[in-house]
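Before any comments, here is the structure.
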Amino acid sequence: MKHSLIVLLLLVCALLGAIDDKYLYQLAHIKNITAFNIDSSEDQVLPRNQNYLWIYSIFNPWSPKLEAVFLSAAQIEDVNVMGGNYLYFCSQEPSNTVVPVDTLDTWTRIYFTNIILGDKITREGSILYVADRFRGIDIIDIGRGGLREIRSTFSEKWGVRDFIAQYPYLYALNDFGLVTVDVSDQQFPLSLGVNYQINDARVLAKYADTIWIGAGKNLLAINISDLSNPRLINQFRLANDILDLEIHNNRLFIAQGKGGVKILGIQNPLRIEDLNTIYPPGAVYDIAISGDLIFLALGRDGWMIYEYR
C-alpha cells in the first residue's frame with residue numbers, strides 16, 4: 001500500500017511539472033484575408049499566401065492596421081524585410097513582378113520590393129541567405145537595402161528544404177537530413193557534419209545546442225554540441241503533421257494544421273514536457289513570434305494574435 005502511494009505521488013509530481021505556468025490571451029482575429037504563411041519584423045506582421053502579401057502595423061496589437069498589400073505575378077516562396085520597408089520576395093520565376101494593390105484601407109508608407117530567385121530566405125544584419133531547392137544557397141551582401149554583392153553560392157548537390165543562419169554557422173535540412181555548415185568565410189563555406197537518420201524532414205528550429213526537426217508527425221531532437229557529428233538524442237510523436245516550428249524562450253510552438261498549436265517545454269531536450277495545446281477557430285498553417293506575441297496563419301480563417309505570458 002505504501003509503495004502504491006509513493007508511485008501515485010511521483011506521478012502527480014510529474015504531471016504538475018508539465019503544467020504550463022503561462023497563458024495565451026487572444027488579442028485580435030483578422031478574418032478578411034487568406035493567410036497560409038506569416039512572418040513578423042519589428043512592429044509589423046506579414047501574413048501571405050501564394051500570390052498576396054499583406055503588411056500590418058501592430059503598434060496596437062489589439063487592433064492591427066493595414067499598411068500595404070502586394071500582388072505577386074508568380075508564386076511567393078518566402079519573404080524577408082529589412083529596415084521596415086525593404087521587402088525581399090523569394091520566387092522561382094526570375095521575371096516575377098510584385099506590384100502594390102490600391103486600397104483605401106492602407107497607409108501611405110513606401111516599400112521597396114526586390115525579387116530573389118529561390119525557395120527560402122533568411123537574414124542576419126546586411127547578409128541575406130537564399131536557399132534554392134536545386135542550386136544550393138546564395139550568400140548576398142545587401143548593404144543598407146539594395147542588392148549589392150553575391151559573396152558565394154555553395155551546394156553539396158542536395159536540395160534545401162529549410163535552414164537557419166546563425167553566424168558563423170548555418171544549419172540546413174536537405175533531401176537526406178541535417179547538414180551543419182561553417183560560413184565564417186562567406187566566400188568559402190565549409191560543410192562540417194551531417195545526420196542522415198532523418199526521413200521526410202521539412203522544418204527546423206534551434207534552441208541552445210539542440211536542433212528541433214519536424215518530419216511528418218515526428219519531432220526529432222538533434223544535439224549539435226559537436227558540429228562534425230550531429231546526434232539524434234530524442235523523439236516525440238504527435239497526432240498531426242508538423243507544419244511549422246517556432247521557439248519562445250524554452251518553449252517550442254508547433255503548428256499542426258487542424259490539430260492546433262502544441263506547446264512543449266524543451267529546457268531539457270532529453271525530457272520533453274507536453275505543456276498545452278490550443279485550438280484556434282481554424283487550422284494552423286504557420287507561426288511567427290515576436291516577444292510575447294504569437295501570430296498564427298489560419299488559411300481561409302485569416303490570422304490571429306495571441307499574447308503568451
Criterion violated by residue 62 - all others in (1) in a loop (DSSP other than H, G, I, E, B); (2) of a type in the set (Phe, Trp, Tyr); (3) at pLDDT below 95 satisfied = (3)
key: Counted residues, region 214-245 - those being in contact with a Phe, Trp or Tyr (Cβ under 9 Å, 6 or more places away or on another chain) and surrounded by 20 or more Cβ atoms within 10 Å (Cβ to Cβ)   = 9
ask   = Among the residues of region 194-213, which ones are assigned to a loop (DSSP other than H, G, I, E, B) and crowded, with 19+ Cβ neighbours inside 10 Å?
value = 198
message = Consider region 114-125. How many of its residues are surrounded by fewer than 17 Cβ atoms within 10 Å (Cβ to Cβ) and touching a residue at least 40 places away in the same chain (Cβ under 8 Å)?
response = 1
Every residue from region 246-270 that is surrounded by 20 or more Cβ atoms within 10 Å (Cβ to Cβ), touching a Phe, Trp or Tyr at 6+ places or on another chain (Cβ under 8 Å) and assigned to a loop (DSSP other than H, G, I, E, B) = 266
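The values are calculated or read from the model by the stated rules, or taken from the named source; none is laboratory data. Keep in mind the model is a prediction, meaning the values are calculated, not measured. Quick reminder, even Gly has a Cβ in these numbers, built from the backbone with ideal geometry, and neighbours come from all protein chains shown.
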